[in-house]
1. What part of the accessible area of the chain, given as a whole %, is carbon or sulfur when the probe is 1.4 angstrom?
2. Using a 7 Å offset from the Cα along the Cα-to-Cβ direction at both GLU97 and ASP85, what is the distance between the two label points in nm, to one decimal?
3. What do you reckon, how do GLU141, GLU86 stack up by accessible area (1.4 Å probe), largest on top?
4. Quick check on the chain: helices-only [θ] at 222 nm, where DSSP H runs of length 4 and up contribute -39,500 (n - 2.57) each and the sum goes over total residues. Nearest 500, please.
5. If you add up the charges near ARG189, with Lys and Arg at +1 and Asp and Glu at -1, over every other residue whose beta carbon is less than 11 angstrom from its beta carbon, what do you get?
6. Based on the Cα atoms of region 115-204, what semi-axes does the equivalent ellipsoid have, where each is the square root of 5 times one gyration tensor eigenvalue, given in whole Å with the largest first?
7. How large is the direction-averaged shadow of the alpha-carbon convex hull of region 1-62, in nm²?
8. Send over a whole-number figure in Å² for the accessible area per residue of the chain, probe 1.4 Å.
Amino acid sequence: AFIPVFERNGFITKLDLYVFEETCAALRRWSELGRAQIPVSVNFSRLNMYDDNFVQSLKDIVQKYNISTDLLEIELTESALAYNDELIIRRMNELREAGFCLSIDDFGTGYSSLNLLRTLPVNVIKLDKRFFTLKFDSERERVIITSIVGMAQQLGITVVAEGVETKAQADFLKGIGKSIIVQGFLYARPMSEEDLLRWLSEGE
């Protein structure tokens, strides 16, 4: 409820940097605890991309906590990239050059999806959960998903399927691409940092 308000008054950029720093602090704690290092994705508003100091701010925070940019994924929604202007592309290239992984969230919800694949320097696309019905019995649905995954793989882009809730969905997705990552309630629900570390320990 509050995010649209923060988008309008510009406070969202401060919130984004706060969340990013908290993420870096968590990664540093996990490293000091001897935990396996896992990449974490952090969402950012489009407004950050118009700040000339944005990339440097992220680099300063990463340096403060002495962690690798390989562990951080900068995530933007497809709607935020729909205008596809030169400044957005330049900023994304700066992020790539700084070593960050870039992803598009909610991929497939807009009308510019294929154009985004053609022009933007992204590492990961995250298929919107609306692609996956619980019954998952539509042949058209399967054809579209298979085609998107195939195109992404040829472009060297990793695909994340979000919102997976059934084993049938997961089995289908695993069968259509080697670089696809499956996530959703089938595996885990949102949890606290303490519960996450416990969950990861149980899986080791």
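The values are calculated or read from the model by the stated rules, or taken from the named source; none is laboratory data. Nothing here was measured: the structure is a model prediction, and the numbers come from that model. As a convention, Cβ positions derive from the backbone with ideal geometry for all residues, glycine included, and neighbour counts pool all protein chains shown. Surface areas here come from the heavy atoms of the whole protein model, side chains and all, with no ligands, DNA or RNA. Shrake-Rupley method; radii C 1.70, N 1.55, O 1.52, S 1.80 Å.
1. 53 percent
2. Modelled inter-label distance: 2.0 nm.
3. The most accessible residue leads, giving GLU86, GLU141.
4. The helix-only estimate for the chain comes to -14000 deg cm²/dmol at 222 nm.
5. Net charge around ARG189: -2.
6. The equivalent ellipsoid of region 115-204 has semi-axes of 25, 18, 11 Å.
7. Mean projected area of the Cα convex hull: 4.8 nm².
8. Value for the chain: 57 Å² per residue.
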